[in-house]
Structure formats: C-alpha cells, structure tokens
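Every number here is computed from the coordinates shown, using simple stated rules; none is lab data. The model shown is predicted, which means the values in this text are computed figures rather than measured ones. As a convention, Cβ positions derive from the backbone with ideal geometry for all residues, glycine included, and neighbour counts pool all protein chains shown.
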Amino acid sequence: MKRIFSGIQPTGSLHIGNYLGAMVNFLALQETREAIYCVVDYHALTIRPDPDRLRDRVRHVGLGYLAAGIDPEKAILFRQSDVPEHAELAWILGCFTQIGELSKMTQFKDKARQHKENVNAGLFTYPVLQAADILLYKAEEVPVGEDQAQHLELSRDIARRFNNHYGPTFPEPATLLSQAPRVLGLDGEQKMSKSKNNEIGILDPPEVIQQKLRIAKTDEARQRRTDPGEPTRCNVFTWHTFFTPDAEREELAKGCREAGIGCVDCKKVLFERMNAVLAPIRERHEELKAKGWEYVDQVLLEGGRKARAIAGETMKEVREKVGLLPEPGGGA
Ligand code: AMP
Ligand code: TRP
C-alpha cells in the first residue's frame, strides 16, 4: 500500500480552504493508503508562540481533524514533536539544501515581509523540516493545497540529491492536489487564510456562517438585483462547485445570468448546502469535546508511537549511510 504524509500547522482554526484543499483528500486517502497526518508543532516555533497556547492549539487541531472524520483506526494522527527524529533528519537534509534554493521560497518571502522583526533561521529552513517530515516516512504522495507545491518540489530535489550521493533511499514524493487547490476567501481575491481574516471556519456556528456569507464578494459587475450576473466571475459560485449538486448549480447559474435570482437567494442555497456538510462535523466535535482532552491526547500519543517506529527505521538507515553510528550510542 502506498504511504502518504501530510502536515497541518497548529495555528488558528480550520476553515473551508483547508477542508476543500487538503482535508477532503485526507479523508478519501485514509481508505486506500497508509496515511500519516502530523500536527507540525516544531514548525510553529518559527513564530515564537506562547507555550501554553501552542500546546492547546495542537489539541484543538487534532480534535478538528478527528471531528472532520480522520479515523485513528485507519490513519496515523500525531504530534510532530513526539517524534524528535523529524528535527534530526532536518539537520542532515539541511546539508543537502542550498541557501539559494531556500531564498527563492515564496512562503519564506511572504513570512519575512509579514514578520520583519523576526526573520529567524527557522523560518528560512522551514522547508527543510517539511522535507524531513515527508522523507522520514518515505511517503510517496503528499496531499496539500497549491500553496505547498513549491515546498514539495524542493522536497523532491532534496530526496534526489541525497539518493544520488548515498544510493536509493527516499522516494521522490508526488504532490497530490484536490479539486480545490486554492480556495479564495470572503474577499474573493486572496487565498482563504486564518491570517487574512477572510475565512469560513469549519466549526463556525450557522449564524456566523450566514453573516459571513452575507458580506462575501460576488460578481462585482452585478450591482443591482436586476443586473444579470456572470457565475464564472463570482467567488461564491465557485464554492457552489464543491457543495451543491450539478443540476441545482446549473439552475443557479441560469438564474444568475438571467437575473432571475439575486445573490441573496444564491447565498441562501449555498448556506444550506454548506451547512449540510459542516453540521455533522460540528456535532461530532461536540461529542468528542465531551469526552475530554484525554481522548485527543490518547489518539495523538498512540499515533506518535506508531510514527516513531517507522521514523526509527529510516533514521537507522540514514545515520548509517551518512557516516554516523546507526543508533545513538551505537545502539548499545
Ligand atoms: P495549514 O493550516 O496552513 O497548515 O494548511 C493545511 C492544508 O490546507 C495545507 O495542505 C494547505 O495547502 C491547505 N490549504 C490552506 N489554505 C488553503 C486554501 N485557501 N485553499 C486550498 N488549500 C488550502
Ligand atoms: N508547510 C505546510 C503548511 O504550511 C505544513 C506542513 C509541514 C506540511 N510539514 C508538511 C505539509 C509536510 C505537507 C507535508 O500548510
């Protein structure tokens, strides 16, 4: 069975961008692949979060993914820092990564611009740690949103370079995009993101979703209810693609073009359809929360144990190949 890996940052709450861009694939792939999903708390340190808050966020994200349907019987869900081999492999792979490559990374350039006061080396080598995450498990495919494509290309380059030097060790991991690799936010312009405040959270209460949809940008050329609209220019309509069945969506498109329906009506349908997907997630979230944090902690801990067993095997091979002892202390 092919092994896949993906990472999720423990920052903020999950939104429909994460859901459509990555999670939909996470859910499908746990059925057909050996799936490993990791909450990347080492990565989160690049922005020096408050310690208690970071611990808390890891659990919240874990709970969010379980609520959305990640099944610990089928997939491994774990906390990155429970497997310190991630950091160890990152060091080794860093020696196979050029500074020039890292300075080209768009995410680094964006983050460096956003946090001018703290452009630390961790932020710079973030993609190396990401490569280590994936290669540690010799994953063959990585389900992610489009924003991660560049990092994955680098992961493949690093794997290839290591293989060329030491002999075949790592598969070159393929990027697996969903049908919605770049979901735009409520503003209809920028990528939906927690840092841009333009998101619909997958756990947002129905009233909040309704409120957010009310302000969501539609076709700007459609100023009045009587103006005909163009669905292909409307971000709200793109969301229908993922939540609303084809026939109903065609009806809406026709209504929009003929000014038979208004944006308010169209958003009402979207709300119903979206809510039908999100309501069961909210319910399950409540159920799991009622079990207390012990449940999530237990899932993450158990996942970490399984992950570490795989990671240990890879590290033995890597350590030996690069000229370290196969195990710390020689395994004695
Ligand atoms: P993050 O929460 O930033 O770690 O993202 C988790 C996953 O969701 C990654 O695979 C991202 O590429 C994906 N993702 C995040 N935002 C979006 C978006 N607006 N559209 C599509 N995919 C996204
Ligand atoms: N960098 C990814 C993001 O910003 C998170 C991530 C860390 C990741 N390690 C990974 C994704 C490994 C895929 C594979 O969303």
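Data overview
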| quantity | calculated |
| --- | --- |
| ALA221 paired with GLU294, simple spin-label distance in nm, labels 7 Å along Cα-to-beta-carbon | 6.1 |
| Which of VAL61, VAL83 has the fewest Cβ neighbours within 10 Å, and the rest in rising order | VAL61, VAL83 |
| For peptides 298-307, 50-59, 18-27, sequence by mean Cβ density within 10 Å, most packed first | 18-27, 298-307, 50-59 |
| Chain lengthening between THR238 and HIS165 when straightened (0.36 nm per residue, less Cα-Cα) | 21.7 nm |
| Model label zone, ASN120; criterion: amide N under 18 Å from point 7 Å along Cα-to-beta-carbon; scope region 180-205 | none |
| Antiparallel bridge percentage (DSSP; both residues within the chain; nearest 5) | 10 |
| The chain: most fluctuating residue of ALA67, ALA174, ALA309 per GNM, C-alpha cutoff 10 Å | ALA309 |
| Förster radius 22 Å - calculated FRET efficiency between GLU283 and GLN210, Cβ distance, rounded to 0.05 | 0.75 |
| Mean Cα-pair separation over length for the chain, i.e. relative contact order, pairs under 8 Å, 6 or more apart, % | 23 |
